[in-house]
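See structure below.
The values are calculated or read from the model by the stated rules, or taken from the named source; none is laboratory data. Just so it is clear, the structure is predicted and the values come from calculations on it, not from any experiment. Heads up, the Cβs are rebuilt from the backbone with ideal geometry, glycines too, and the neighbour counts pull from every protein chain shown. Ligands, DNA and RNA are stripped out before the accessible areas are found, and what is left, the full protein with its side chains, is counted by its heavy atoms. Shrake-Rupley method; radii C 1.70, N 1.55, O 1.52, S 1.80 Å.
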Amino acid sequence: RALYDALLALLETEVAAGEAASSWEEYFLEEEERFGAGEGWLTSYHSLLSLHKLCMNCASLGSPSVILTTRKEGRERTSVMERLVFTLARQHPHLWVRLGALRLIGQILAEIEPTATSLTERSGKALALSTAQDVYHLATLHCVQLNRPSLDERLADQAVKNLVWIASVLIELEPDADAEEAEVDAAAEADEDAAVEEAADGEDKSGISWLVHRLSFTARVKRGSKVDFGLMDLRQCSVFKLFAIMATHWQSRPTRLRRYLVPMLSPLVRVKQSSEVFGVKLRAPELAAECLDLIEQVAGTAAFVKAYSRVQRTIDERRSSRKRQRAVESVLDPSATQRARAARTAQQKAAKKRKIKVWRQHQGR
């Protein structure tokens, strides 16, 4: 117990020092300058790692899902998980610290059944993760991780594992809706950007609808010379895995899946149509094709084709709009059009050189 209290005191100090500085990045930059080796993050990381191991192997402390989520005197957001672990996972600049925090959260979630009944049982014991709002805060934390520029494979995998639990609970908490209402909801969606805005302004700001729209926006396709396509591919793979798991959960209730066909298909259809970008081989298109097949099986061919046609029509309209805009710009500003054409030519040449280099490496040259 003394070791547990000492670890909490260390984490409290780290969080307090980070919040006192103008930003976490500034605080840890000062720590690096102070120690001279850039290791100011190690205290937080090893404290989280030790806390994780201690909770897993020391039965006398109690279950991590209880000891780390107990709120003081029933007040909101006072548990160790909310006060320390959430803060480090959301705000710390170092990837390993955020990964350690997510793994500790994963250990807590592994001990809680992803059902509405589990939340009800916890609500009477002054524990965190006892209401839909608690689950929503947890969902926003993990969605933020998927959008970070420093995302890597390990962090993405842990975020997906935790989001599986979150999605399962939100699906359990989803209100019932009949097929007629589902068709109306599906027809009301236009594309991924509009869907996200509608979800933000709609009534359901913390349920599975919000999560589906947020993930759809995370997986959107980006273009441009400054885009990290490897990072975009990792995000899309993570989101498509979650979409496949959600579809599996809805196998017994396909009408609920039909409510979210358009926001789910919007990134899937776009990604499936491009297997590589500027010579970079992507994994997401193959996963998107498999996910589309699964969603069609669960939702039914008629509803799937209707949603697919709506998404494809939106894509075609946007392409036509961009073509018209380029035609107008070529007349109004010929020099800008010439510069854009030269930039595209340079990108194509660079992509061709990368392809040749990869081919030579495979040939052993």
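Structure values in brief
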quantity	calculated
Environment charge at Leu95 (Cβ cut-off 10 Å; Lys +1, Arg +1, Asp -1, Glu -1)	+2
Neighbour net charge for Pro64 - beta-carbon separation under 13 angstrom, K R +1, D E -1	+1
Spatial separation of Cα centroids for segment 228-279 and segment 42-101, in angstrom	31
Area accessible to solvent at Trp41, 1.4 Å probe radius, in Å²	40
Dipole magnitude of segment 231-304, debye to nearest 20 (Cβ charges: Lys/Arg +1, Asp/Glu -1, about Cα centre)	300
Accessible area in the full protein assembly, largest first, 1.4 Å probe, for Arg103, Arg71, Arg98	Arg103, Arg71, Arg98
Between segment 313-358 and segment 109-133, the Cα center-to-center distance that results, in Å	52
Val328 - accessible surface, heavy atoms, 1.4 Å probe, Å² rounded to 10	80
Across Lys241/Lys352; Lys161/Lys306; Lys306/Lys355; Lys222/Lys281; Lys272/Lys355, pairs whose alpha-carbon gap is larger than 27 Å	Lys241/Lys352; Lys161/Lys306; Lys306/Lys355
Which of Met232, Met56 is most accessible, then next, and so on - probe 1.4 Å	Met56, Met232
